[in-house]
Amino acid sequence: MLMPRIGKRRTTPFRTRTFRAAAAASAAVLLFGPTAVSSAAPDPGPGLPADLVAALSRDLHISPEEYLQRADTAQQVAAFATTAQRQFPQVFAGAWLDQHGKGVVALAPGPGDAEARSAAESTGFVVRNVAKSEQTLRGEKSAFERWLDGQPAAVSALVRGVVIDTVNNSIAVRVDQAGLPMPNFIDPARVIVMAPPVAAETLPAADIAEAGAAAPLGGGDGYASVAGDGSLRCSFGFNGIGPGGDTVNITAGHCNPDLDNVGAASVHESLGGNRVGPKIATFQKSVLGNQDYSILDIEDGAVGRFENNQVKVPGAGPVPIEGVATPVVGAPVCKSGSRTGFSCGVVNAVDQTVQVGDRQLTQSFSANICALPGDSGGAIVTGRLALGISSASSVADYPICEIPNILGVLTGNAPQLFAQPVSVVLSDNPGLRIRTS
């Protein structure tokens, strides 16, 4: 689990749940890696901070203009997919961005295939012929889940999740170890082994300091949530407006150290080291089950600091958020976090299940991005659009991202960041909005 950092305010031990997470991520992670290296030094892009432009160059090797263009194309793909699922359910087999940022639509044989092909090509997308429709793949996914329900606990406990792998027109399964029995419709090449991540690191006590500078706070800035004798270190997500017009921030559910008592934990700005500022928010709502999100109610005295649409990291300029996006395989995405700053990758699976301890997070997406404890709850963007909240990481036990990033290049097992889609949070909370100005 991409856990918040855990600290103690006094010497009394603080007990927290240990979360372990992994998921069946699409094998597209091997297809959608860095593209052609740009020889130009990164310059601040149109409306993008220099730190984010540097992350795009380092992680994806693309210019800020290309990043924005691909992010826009991905949303066009998402809109087409929504329509195609309804109009051509028997032949539509998924849509994504390829490694060059081109929209691809997969079609299976069946009634309406000619009309679907014409619609895709007239929009400028490439059509790929495949054997199975998305409907068929969803049936296989359900069949696998039924098969898994009937397996002994010794087998089912080692399966971390399953997802429709649209790029390979198959089902992908994530497991803890090789050699597990599988039903015959599962391609052995799509059974991916990944060791479960470890628990969060323990930090020294957090000292509550006097009020500091009243600078704006946004996605990626750090905070500490304090309950009783313990504190969790996380990152703010997207600033928002509640149904009643109140100022809120959307972050991760597992960042609340007292899930059973809504409003009991206090939220403090992280001032660096072990110092935190005065209380600036409380947990208005926290969900940790099928979803992983919290809505923070901002204190009256701090409202002005959150009345912005910024996503940033400490010491860096902001990305202004202009709307909300849908996760699309192949789309370029960047996360902000108080622990590791800006880092970028591409979405490699959507609408998947992530096993977290004894819970299953549903409708999550994943990207090949490194994130470490303290980045939890931070904002994930595509272009200038709000996409997700950092929830779980496959490499949370490493001290720095350089190590798993190098290992990913050598082994092909890139770091995975699993995320809560913002669109789902908004759907679950009518009247809640992301700030866009």
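All of the numbers you see were taken from the coordinates with simple rules; none came from a lab. What you are looking at is a predicted structure, and each value in this text was computed from that prediction instead of being measured. So basically every Cβ, Gly included, is an ideal-geometry build from the backbone, and we count neighbours across all protein chains shown.
What to note about this one:
- In this calculation the C-beta distance from Ile403 to Ala189 is compared with R0 = 30 Å, giving a FRET efficiency of 0.65.
- Amide hydrogen neighbours beyond the local backbone of Val127, cut-off 5 Å, H modeled: Val105
- Packing, taken as the mean count of other beta carbons within 10 Å per residue, orders the peptides 426-436, 169-179 from highest to lowest as 169-179, 426-436.
- Charge tally in the Cβ shell below 14 Å around Glu134, where Lys, Arg are +1 and Asp, Glu are -1, Glu134 excluded: +1
- Amide H contacts under 5 Å for Thr353, placed H, 5+ residues apart: Ala24, Val162
- The amide H of Val346, built 1.01 Å from its N in the peptide plane, has Val333, Asn368 as neighbours under 5 Å, considering only residues 5 or more places off or on other chains.
- Cα-projected label distance for Ala114 with Lys102, points at 7 Å along beta-carbon direction, nm: 2.5 nm
- The simple spin-label model puts a point 7 Å past each Cα toward its Cβ; for Ser427 and Val126 those points are separated by 2.9 nm.
- For segment 334-437, with +1 on Lys and Arg beta carbons and -1 on Asp and Glu, the positive-most of Thr362, Val346, Val424 along the dipole: Val424
- Within the shell of other residues whose beta carbon sits under 13 angstrom from the beta carbon of Asn405, the net charge comes to -1, with Lys and Arg scored +1 and Asp and Glu -1.
- Counting 0.36 nm for each residue step from Asp176 to Gln87 and taking away their Cα separation leaves a gain of 28.2 nm.
- 3J(HN,Hα) along segment 290-305, derived from phi through the Karplus expression 6.51 cos²θ - 1.76 cosθ + 1.60 where θ = phi - 60°, amounts to 5, 10, 9, 8, 10, 10, 8, 8, 7, 4, 3, x, 10, 3, x, 6 Hz, with x in place of Gly and Pro.
- Using the Cβ of Gly101 as centre and a radius below 11 Å, the other residues enclosed give a net charge of -1, where K and R count +1 and D and E count -1.
- Gain on full stretching of the segment that runs from Trp147 to Asp300 - 0.36 nm per residue minus C-alpha separation: 49.9 nm
- Protection proxy ranking of 233-245, 379-391 - average other beta-carbon atoms within 10 Å, highest first: 379-391, 233-245
- Part-to-part distance (alpha-carbon centres) for segment 249-299 and segment 132-191, which is given in Å: 35 Å
- Measuring r between the beta carbons of Glu65 and Lys279 and using R0 = 30 Å, the FRET efficiency lands at 0.10.
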